[in-house]
Amino acid sequence: MPRWPLLWLAAGLLSASAAADPTRAFAWPNGAKAAVSLSYDDALASQLDHALPALDALGLKATFYLTLASETVARRLPEWRAAAARGHELGNHSLFHPCSRGLPGREWVAPHRDLDRISVAAQREELLMANAMLQAIDGRSERTFTVPCGDLLASGQPYLPAVRGVFIGIKARSGGVAEDMARLDPEDVGTADPTDATGEQLIALVEQAAARGTLVSITFHGVGGDYLSVSKPAHAALLRHLAAHPERFWVDSFVNLMRHVRKLRGP
């Protein structure tokens with residue numbers, strides 16, 4: 001169960017002078033001020049029960065990062081496949097969600113899923129197999145990835161270099177609002193953990209991105225249930241705000257956002 005530090009609350013709103021700098025603007029579709037990536041980790045039941053209906057009701061697209069060994073994937077596979085058919089992305093969150101057991105508070109990590117004991121080669125193979133399984137579900141070959149637990153080392157060695165080029169985008173660390181699109185690495189994007197956040201806090205976060213003209217990534221887990229959750233009212237308040245301002249916010253799957261970034265940058 002990943003815990004992304006909630007650092008964005010301390011950042012506050014950007015200064016008016018920084019927001020007014022036109023040289024830092026990035027060209028989002030239809031003149032939008034910011035791109036918004038809403039993602040949901042771990043394939044949780046509350047995401048199917050609460051998050052998906054709320055997104056669909058407002059026509060917003062998101063990314064669901066599936067841990068393929070999850071019972072919710074096995075028991076409710078037709079619902080995940082239907083979500084993909086409606087335009088949501090099914091992202092790679094590994095087969096078994098390996099994390100470092102040696103870090104504080106990680107007693108829940110099973111010894112056989114301890115990333116401290118898994119080789120870089122084995123981790124790469126797991127992610128490639130997860131991609132193959134996801135393609136069997138949705139028929140798509142282009143994929144993004146979110147790092148389980150934010151842990152970047154396998155047996156003490158960085159493993160993301162071993163999968164560089166496999167994914168069009170990777171959420172790899174804590175963060176939230178991109179500082180500068182010119183320097184953003186699509187395979188090293190920060191994402192915010194909104195656990196227990198209010199609707200007002202979530203709206204303030206996307207407004208920071210609009211002021212800066214960049215990208216904001218928010219990674220949910222439970223929505224009105226499960227763990228690391230936000231309440232249904234807080235989640236709904238954010239979605240209503242985004243849907244009410246389509247001229248300001250481009251809300252789409254992470255894979256579509258990263259396609260756009262890469263297209264503007266060129267090869």
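The single condition from (1) more than 30 Å from LEU58 (Cβ to Cβ); (2) open to solvent by 20 Å² or more (accessible area, probe 1.4 Å) that MET133 fails is (1). Only residues that are open to solvent by less than 20 Å² (accessible area, probe 1.4 Å), closer than 30 Å to LYS232 by Cα and in contact (Cβ under 8 Å) with a residue 40 or more places away in the chain were counted across segment 159-185, and they come to 3. Kindly indicate whether GLY87 is surrounded by fewer than 15 Cβ atoms within 10 Å (Cβ to Cβ), of a type outside the set (Asp, Glu) and assigned to a loop (DSSP other than H, G, I, E, B). In short, no.
Residues of segment 223-255 that are open to solvent by 50 Å² or more (accessible area, probe 1.4 Å) and either in contact with an Asp or Glu (Cβ under 8 Å, 6 or more places away or on another chain) or within 13 Å of ASP196 (Cα to Cα) (or both): ASP226, TYR227, SER231, LYS232, PRO233. Selection over segment 96-128 of residues that are open to solvent by 20 Å² or more (accessible area, probe 1.4 Å) and either in contact with a Leu (Cβ under 6 Å, 6 or more places away or on another chain) or among the aromatic types (Phe, Trp, Tyr) (or both) gives a count of 3.
Search segment 209-222 for residues being in contact with a strand residue (DSSP E or B) (Cβ under 6 Å, 6 or more places away or on another chain) and open to solvent by less than 10 Å² (accessible area, probe 1.4 Å), and hand back the single one that is nearest to ASP185 (Cα to Cα). Among them, the one singled out is LEU215. ALA132 meets each of the listed conditions (1) free of Cβ contacts under 8 Å to residues at least 12 places away in the same chain; (2) within 30 Å of ALA211 (Cβ to Cβ); (3) of a type in the set (A, V, I, L, M, F, W, C) apart from (2).
Scan segment 7-48 residue by residue and report those that are of a type in the set (A, V, I, L, M, F, W, C), more than 26 Å from PRO246 (Cβ to Cβ), modelled with pLDDT of 90 or more and in a loop (DSSP other than H, G, I, E, B). Those that are of a type in the set (A, V, I, L, M, F, W, C), more than 26 Å from PRO246 (Cβ to Cβ), modelled with pLDDT of 90 or more and in a loop (DSSP other than H, G, I, E, B): ALA43, LEU44. Of all residues in segment 185-206, those being out of contact with any Leu (no Cβ under 9 Å at 6 or more places or on another chain), closer than 20 Å to LEU228 by Cα and part of a loop (DSSP other than H, G, I, E, B) number 1. Note on segment 49-81: residues that are assigned to a helix (DSSP H, G or I), under 20 Å from HIS245 (Cα atoms) and open to solvent by 50 Å² or more (accessible area, probe 1.4 Å) total 4. The set of residues in segment 142-164 that are small (Gly, Ala, Ser) and more than 18 Å from the chain's Cα centre (by Cα) comprises ALA154, SER155, GLY156, ALA162. Please go through segment 124-174 and pick out each residue that is closer than 24 Å to LEU77 by Cα and of a type in the set (S, T, N, Q). Hits for segment 124-174 are ASN131, GLN135, SER141, THR144, THR146. Applying the selection to segment 91-134, what residues are under 17 Å from TRP80 (Cβ atoms), in contact with a strand residue (DSSP E or B) (Cβ under 7 Å, 6 or more places away or on another chain) and either part of a helix (DSSP H, G or I) or among the polar types (S, T, N, Q) (or both)? Scanning segment 91-134 gives ASN92, ALA130, ASN131, LEU134.
The values are calculated or read from the model by the stated rules, or taken from the named source; none is laboratory data. Keep in mind that what you see is a predicted model, and the values were worked out from it rather than measured. Every residue, glycine as well, gets a Cβ built from its backbone with ideal geometry; the counts of neighbours run over all protein chains shown. The protein model used for the area step is the full one, side chains on, heavy atoms only, and it has no ligands, DNA or RNA in it. Shrake-Rupley method; radii C 1.70, N 1.55, O 1.52, S 1.80 Å.
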